[in-house]
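These notes are about the structure you will find just below.
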Amino acid sequence: MPRPTLYIMCGLPFSGKTTLAHILADQCGCVHLDLDSLANQKGLTPEEGIDDNQWGLLFNEAHQHLAALLSSGKSVVFDAVNHDRVGRDRLRAISRQNGSSVYVIYIKLTIQELEQRRRVNLDNRKRPNVREQDFVELARDFEVPTMEENLLVYDGVRPISEWINDHISKTIQP
């Protein structure tokens, strides 16, 4: 049986993390653990704002769920902004405690591309919006992951399924 793997999604809002995470989970048989879905289940939305205490509770619950999934042998795609190294390090620690491999999937788009996607979303409402102040703070405080974080980079250009075939199949370990 292959060793479970944790894929940490990383990128600013509107980069396409959830789209890639859905396809990755479907193609590779991983569990998609989505922080926004967890927030929605609790009646919280980024559009209305989620305070630091609420985020802390959400992350604690998600971390517990992640540990349970990995310890049961399931590979997981952890879908959140994961904007700072400290947060990604916490996820890596959970992965190590459960004997799992871990990769960071960084979706690298320009701020102009992200702003354009945000503007389009204001019109079509395909997903909940993110408050302006929250988007600005995340963009300002974002810590780009480094190669030492076991990094895989997706630039949004190639079809996702092709990118997964070329990059993820190499990460699945016996």
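Every read-out reported here was derived from the displayed coordinates using simple, explicitly stated rules and does not represent laboratory data. All values reported here derive from a predicted model rather than from experimental measurement. Glycine gets a Cβ as well: all are built from the backbone with ideal geometry, and neighbour counts include every protein chain shown.
Here are some notes:
- Scoring 85-93, 69-77 by mean Cβ neighbours within 10 Å over their residues and listing the highest first yields 69-77, 85-93.
- When only alpha carbons are used to place a centre, the range 100-174 and the range 38-83 end up 17 Å from one another.
- Per residue of the chain, the DSSP helices (runs of n ≥ 4 H) give a summed -39500 (n - 2.57) that works out to -15000 deg cm²/dmol at 222 nm.
- Charge dipole of the chain about the Cα centre (unit charges at C-beta), most positive-ward option of Leu38, Ala67, Pro13: Ala67
- Residue order, fewest to most beta carbons within 10 Å, for Thr18, Thr171: Thr171, Thr18
- Fully extending the segment from His63 to Ala93 would add 9.8 nm, taking 0.36 nm per residue of separation and subtracting the current Cα-Cα distance.
- Degrees separating the helix 132-141 axis from the principal Cα axis of the chain, which is the longest one: 50 degrees
- Overall form of the range 5-171 per C-alpha gyration tensor (a/c, 1.5; a/b vs b/c): oblate
- Estimated inter-spin distance, Glu143 and Arg119, nm [label 7 Å along Cα→Cβ]: 3.2 nm
- Here the gap between Gln27 and Asp51, fully extended at 0.36 nm per residue and compared with their Cα-Cα distance, gives a gain of 5.2 nm.
- Cβ-placed point charges (K, R +1; D, E -1), dipole of the chain about Cα centre in debye, nearest 20: 480 debye
- 0 to 90° range, to nearest 10: angle between helix 111-124 axis and the chain longest Cα axis: 70 degrees
- Note on Phe78, Phe135, Phe142: ascending count of other Cβ atoms within 10 Å places them as Phe142, Phe135, Phe78, the fewest first.
- In the chain, the longest principal axis of the Cα atoms and the axis of helix 52-71 are about 20 degrees apart.
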